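A short worksheet on the structure shown next.
The values are calculated or read from the model by the stated rules, or taken from the named source; none is laboratory data. Treat the numbers as computed from the prediction; the structure is a model and nothing was measured. When we count neighbours, we look across all protein chains shown, and the Cβ atoms used for this are built from the backbone with ideal geometry, even at glycine. SASA here: full protein model, heavy atoms, side chains in, ligands and nucleic acids out. Shrake-Rupley method; radii C 1.70, N 1.55, O 1.52, S 1.80 Å.
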Amino acid sequence: MPIVNVEINGRSYQVGCEDGQEPHLQTLARAYDAHVKSVAEEVGQVGEARLFLLGALMQADELIEARARAA
């Protein structure tokens, strides 16, 4: 299992993935990092857990909206 270093909100994390999925994981991490940075710009550094939660909620909202448009 390959280990990929991803950076979220300026911190590096090691994440395992299936062989060949490394580029996709990096793409996902960059997209998520953009959401977390956007939240941090709006509300400040309110703690990593809260930033990560808000970033995840933003991505979930985008997914739900995309599914609604596709339906």
Checking Ala60 against (1) open to solvent by 60 Å² or more (accessible area, probe 1.4 Å); (2) more than 22 Å from Ser12 (Cα to Cα), which test does it fail?
-> (1)
Can Glu41 be described as free of Cβ contacts under 8 Å to residues at least 40 places away in the same chain and in a strand (DSSP E or B)?
-> no
Restricted to the range 7-36, and to residues that are part of a helix (DSSP H, G or I) and of a type in the set (Val, Ile, Thr), which residue is nearest to Phe52 (Cα to Cα)?
-> Val36
